[in-house]
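Taking it in order: structure first as C-alpha cells, then the write-up.
The values are calculated or read from the model by the stated rules, or taken from the named source; none is laboratory data. Only a predicted model underlies this, so the values are computations on that prediction, with no experimental measurement involved. Here the Cβ positions follow ideal geometry from the backbone for every residue, glycine too, while neighbour counts run over all protein chains shown. Areas reflect the complete protein model, heavy atoms only, side chains present, ligands, DNA and RNA absent. Shrake-Rupley method; radii C 1.70, N 1.55, O 1.52, S 1.80 Å.
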Amino acid sequence: MDYLQSRILKSFLFALIASTAIAVEFDPPMEIYQGMEGFEFGRHTHGAIAVDAESGVHLICQIQDETGKPPDSQILYFQVRNGETSAPVRVDSGAVGGGRHPVMSVGPDGGVHVVWQDYRHTTAAGNYIDNVEIYYDSKPADGSFSDNDIRISHTQAGHLGDSGYMPVSVVQAGGRVAIAWYDFTRNGNNADIYLRMSDESGGFADVTGIEQFRITDAPAASNFASNWSPCLGILSDGSVYALRGYLDGWQGDFSLQGSKIGDDGLPGEIETVGEGGSFLDPPRMAYDTAGNLAVVYPVSEGGLSSIRFQHRSPAGVWSEPLEISLGDNDAEQADVVLDSLGRVHIVWQEDTGGAYQIHYAVVELETMSVLERQTLSDFDFDCRTPSITLQQETERLYTAWIEHNFDIEGLRSLVIRTETMTDVGCWMMH
C-alpha cells in the first residue's frame, strides 16, 4: 500500500468513526504503584509516560524532598509489561542533592532518555537554589541506566540566580537527542532558552559554559522579561521545532512563541502562537510524522482557568485557539497527543470543588471541533497531573495520573488507563 492509498484508507476510517459517533473507550484504571513518599510527575507531564513498539509502558516521576539541604529529591522510573510493573528504579545518581522535574522520551530503537534539573552543585550561600544544572541519562531497550549521569549544562556566571530549570527532550529518527531548558545564566532576572543537540550517536561532549547553546535573547535585566518552559517537537523534514513561553516583565502577560531550529542549532524566524500559560502550568506540545504540531495551555479569564488548543499545519500556519474545557471549573495541567486519523487527544484536570478529576476530549483537526468529552477518573479520589501518549504501531491511547487518597493523608497512587482495543479477529464473524 503506497502513501496515497494509506491516507485515503485512513480518511475513510475517520469518516466512518465520526459518522457512527463511537466514543473512545478505556479499560478500567490500573494502579501500578502506591506509597507515602509524596511522588508526583514533573512539571512537563508530556514526558511522564511513553510506550515502545512492543507496548511496554514507561513512566517517570519524582519524589520531592522539601526539607533536605540540599534537597534529596529522587527520579524514579517504572516499566509495565504484560500487566506486570517493575520495581521503581532511581535514575539520578548524584552523591548529594537530587533531581526534580524529570522528562522522558523513548527513541525509535526503544531506548529511554531522561532529563531533569539537578541540585548536586547547589550551595548554602545560594540557599540551595543556585547552580541548578541540567542532567541526562539513558538506557537501551533491554538495558539499565548508567551510574554516571551526563551533565548537560555548566553554568559559569557566578551569581546566585545562575540556574537552569525544567528541561525537555526529543529523539530524532536517527537517534540524535535534543535537550532544551530555561536558564538564568546571563543574569538573575532574565531567563533564556538553551538547546543542546547530541552528536549523531546520541552522545554529549563535556562542554564548559552554555552561551553557545542560547537560542533566545531576553531584554535587559531592568524589566525582568524572561523566556520560559520550552517544549520540543519534530517536523516532517526531521528538524526540531522549539516552542517557549515569554513573559514581558512581572506585570506582563504570558505569550507563546516558536521557532524551527536549523541544522546549526540556531532558531529561524520567530512565530507568535498565542496568549496564555504560566510558570506552574507550562504548555505541552505533541507532533506527528506528517509535520503537524499541537499545543495545549491554560488561559485565565474571569477568575477561571480554561484549556486552549492550537494546531500548526505542515505548511507552518498556526490555527486560532480552540477552547477545550467547558468553563465550569478551573481547568489546568493539560497534555496532548496526535493520531494519524487527523484527531487530537487531550487530557486535563478540573477542580470540582476540593478535588480534581481527569477529563478527556477528542478534537478533529479538519474542522477544529470537539468530537467528544468524558471524565476518566474516579470521584472517590483527588486526581491530578494527567499525561497521555499513544503506541505508534497500534495508535492505542495510554494515559496516567496521580491519585491522592481521601481516607489516608499522604497516600498516593500512580494510575494508568488504556484505550480498550477490540479483538479484530472477532469481526470476521460478522
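Does the stretch 366-383 hold any residues that are without any contact (Cβ under 8 Å) to a residue 60 or more places away in the chain, closer than 16 Å to D335 by Cβ and buried (at least 19 other Cβ atoms within 10 Å of the Cβ), and which are they?
Matches in the stretch 366-383: C383 only.
For the stretch 169-180, state whether one or more residues are among the hydroxyl-bearing types (S, T, Y) and over 17 Å from the mean Cα position of the chain (by Cα). Give the derivation first.
In the first step, residues of the stretch 169-180 are kept if they are among the hydroxyl-bearing types (S, T, Y); the result is 169.
Narrowing further to those that are over 17 Å from the mean Cα position of the chain (by Cα): none.
No, that holds for no residue.
Taking the stretch 154-210 as the search range and keeping residues that are of a type in the set (S, T, N, Q) and touching a Gly at 6+ places or on another chain (Cβ under 8 Å), which one is nearest to L235 (Cα to Cα)?
So the first thing to find is which residues in the stretch 154-210 are of a type in the set (S, T, N, Q), and the list is 155-156, 163, 169, 172, 185, 187, 189-190, 198, 201, 208.
Now narrow it down to the ones that are touching a Gly at 6+ places or on another chain (Cβ under 8 Å): 155-156, 169, 172, 185, 187, 189, 201.
Details: T155: 30, Q156: 33, S169: 14, Q172: 10, T185: 29, N187: 33, N189: 33, S201: 20 Å.
This residue is Q172.
Quick one: what pairs do we get from the stretch 313-333, first residue of a type in the set (D, E, K, R), second part of a loop (DSSP other than H, G, I, E, B) and at pLDDT below 95, C-beta under 8 Å, 6+ apart or different chains?
Final answer for the pair search is E332/D281.
Which condition breaks for L256 when tested against (1) of a type in the set (A, V, I, L, M); (2) closer than 21 Å to R196 by Cβ; (3) in contact (Cβ under 8 Å) with a residue 40 or more places away in the chain?
In the conditions (1) of a type in the set (A, V, I, L, M); (2) closer than 21 Å to R196 by Cβ; (3) in contact (Cβ under 8 Å) with a residue 40 or more places away in the chain, L256 misses (2) alone.
Quick one: which of S259, S255, S305, S300 is assigned to a strand (DSSP E or B) and in contact with a Gly (Cβ under 6 Å, 6 or more places away or on another chain)?
Working: S255 fails: in contact with a Gly (Cβ under 6 Å, 6 or more places away or on another chain); S305 fails: in contact with a Gly (Cβ under 6 Å, 6 or more places away or on another chain); S300 fails: in contact with a Gly (Cβ under 6 Å, 6 or more places away or on another chain).
Of S259, S255, S305, S300, the one residue that is assigned to a strand (DSSP E or B) and in contact with a Gly (Cβ under 6 Å, 6 or more places away or on another chain) is S259.
Within 21 Å of the chain's Cα centre (by Cα), surrounded by fewer than 22 Cβ atoms within 10 Å (Cβ to Cβ) and at pLDDT below 95: is that true of G252 in this structure? Steps first, please.
Values: within 21 Å of the chain's Cα centre (by Cα): no; surrounded by fewer than 22 Cβ atoms within 10 Å (Cβ to Cβ): yes; at pLDDT below 95: yes.
Spelling it out, it is not the case that G252 is within 21 Å of the chain's Cα centre (by Cα), surrounded by fewer than 22 Cβ atoms within 10 Å (Cβ to Cβ) and at pLDDT below 95.
Looking for whichever is of a type in the set (S, T, Y) and either open to solvent by less than 20 Å² (accessible area, probe 1.4 Å) or at pLDDT 95 or above (or both) here; the options are S259, S201, S222. Which one fits?
Details: S201 fails: either open to solvent by less than 20 Å² (accessible area, probe 1.4 Å) or at pLDDT 95 or above (or both); S222 fails: either open to solvent by less than 20 Å² (accessible area, probe 1.4 Å) or at pLDDT 95 or above (or both).
Residue meeting the stated conditions: S259.
For the stretch 20-49, which positions are of a type in the set (A, V, I, L, M), in a strand (DSSP E or B) and either open to solvent by 20 Å² or more (accessible area, probe 1.4 Å) or farther than 22 Å from Q374 by Cα (or both)? Even if it seems obvious, please write down each step before you answer.
Taking the stretch 20-49 first, the residues of a type in the set (A, V, I, L, M) are 21-24, 30, 32, 36, 48-49.
Narrowing further to those that are in a strand (DSSP E or B): 30, 32, 49.
Scanning the stretch 20-49 gives M30, I32.
Could you grab the pairs with beta carbons closer than 7 Å, sequence gap of 6+ or different chains, first residue in the stretch 212-236 and assigned to a helix (DSSP H, G or I), second one at pLDDT 95 or above?
Correct list of pairs: F213/Y194; F213/L195; F213/R196.
Here are the criteria: (1) in contact with a strand residue (DSSP E or B) (Cβ under 7 Å, 6 or more places away or on another chain); (2) open to solvent by 30 Å² or more (accessible area, probe 1.4 Å); (3) of a type in the set (G, A, S). Tell me which single one A290 does not satisfy.
If we test A290 against (1) in contact with a strand residue (DSSP E or B) (Cβ under 7 Å, 6 or more places away or on another chain); (2) open to solvent by 30 Å² or more (accessible area, probe 1.4 Å); (3) of a type in the set (G, A, S), just (1) comes out false.
Answer yes or no: is there a residue in the stretch 131-153 that is part of a loop (DSSP other than H, G, I, E, B) and under 16 Å from Q64 (Cα atoms).
Filtering the stretch 131-153 down to residues part of a loop (DSSP other than H, G, I, E, B) leaves 131-132, 140-149, 152-153.
Those still in the list that are under 16 Å from Q64 (Cα atoms) too: 132.
Checked against the condition, which is being part of a loop (DSSP other than H, G, I, E, B) and under 16 Å from Q64 (Cα atoms), the stretch 131-153 yields at least one hit.
Taking H159 as the residue in question, decide whether it is crowded, with 18+ Cβ neighbours inside 10 Å and either part of a loop (DSSP other than H, G, I, E, B) or at pLDDT 95 or above (or both). Write out each step before concluding.
Details: crowded, with 18+ Cβ neighbours inside 10 Å: no; either part of a loop (DSSP other than H, G, I, E, B) or at pLDDT 95 or above (or both): yes.
No: the conditions fail for H159.
Of everything in the stretch 180-190 that's over 19 Å from L293 (Cα atoms) and in contact (Cβ under 8 Å) with a residue 60 or more places away in the chain, which residue is least open to solvent (accessible area, probe 1.4 Å)? Reasoning before the result, please.
Here is the first cut: in the stretch 180-190, the ones over 19 Å from L293 (Cα atoms) are 181-190.
When the remaining residues are screened for being in contact (Cβ under 8 Å) with a residue 60 or more places away in the chain, the result is 181-182.
Values: W181: 0, Y182: 24 Å².
Among those that are over 19 Å from L293 (Cα atoms) and in contact (Cβ under 8 Å) with a residue 60 or more places away in the chain, it is W181.
A315 passes all but one of (1) farther than 17 Å from P230 by Cα; (2) within 21 Å of the chain's Cα centre (by Cα); which number fails?
Every condition holds for A315 apart from (2).
In this structure, does D65 turn out to be in a loop (DSSP other than H, G, I, E, B), open to solvent by 20 Å² or more (accessible area, probe 1.4 Å) and of a type outside the set (A, V, I, L, M, F, W, C)? Please lay out each step first, then the result.
Values: in a loop (DSSP other than H, G, I, E, B): yes; open to solvent by 20 Å² or more (accessible area, probe 1.4 Å): yes; of a type outside the set (A, V, I, L, M, F, W, C): yes.
Spelling it out, D65 is indeed in a loop (DSSP other than H, G, I, E, B), open to solvent by 20 Å² or more (accessible area, probe 1.4 Å) and of a type outside the set (A, V, I, L, M, F, W, C).
Can you spot a residue in the stretch 164-179 that is open to solvent by 60 Å² or more (accessible area, probe 1.4 Å), over 17 Å from D263 (Cβ atoms) and assigned to a loop (DSSP other than H, G, I, E, B)?
Our first condition is that a residue be open to solvent by 60 Å² or more (accessible area, probe 1.4 Å); within the stretch 164-179, this holds for 173-174, 176.
Then keep just the ones that are over 17 Å from D263 (Cβ atoms); that gives none.
Within the stretch 164-179 (the criterion being open to solvent by 60 Å² or more (accessible area, probe 1.4 Å), over 17 Å from D263 (Cβ atoms) and assigned to a loop (DSSP other than H, G, I, E, B)), the answer is no, since none of the residues qualifies.
Mind checking which residues of the stretch 379-430 are in a loop (DSSP other than H, G, I, E, B) and modelled with pLDDT under 85? Reasoning before the result, please.
Step one: list which residues in the stretch 379-430 are in a loop (DSSP other than H, G, I, E, B), which gives 379-380, 391-396, 406-411, 420-423, 428-430.
The answer is M421, T422, D423, M428, M429, H430.
Applying the selection to the stretch 132-148, what residues are polar (S, T, N, Q) and over 24 Å from the mean Cα position of the chain (by Cα)? Can you show your working first?
Taking the stretch 132-148 first, the residues polar (S, T, N, Q) are 138, 144, 146, 148.
Result: N148, single match.
So, of the residues in the stretch 68-93 that are more than 23 Å from I416 (Cα to Cα), modelled with pLDDT of 90 or more and not charged (D, E, K, R), which turns out to be most open to solvent (accessible area, probe 1.4 Å)?
Going through the qualifying residues, I end up with S93.
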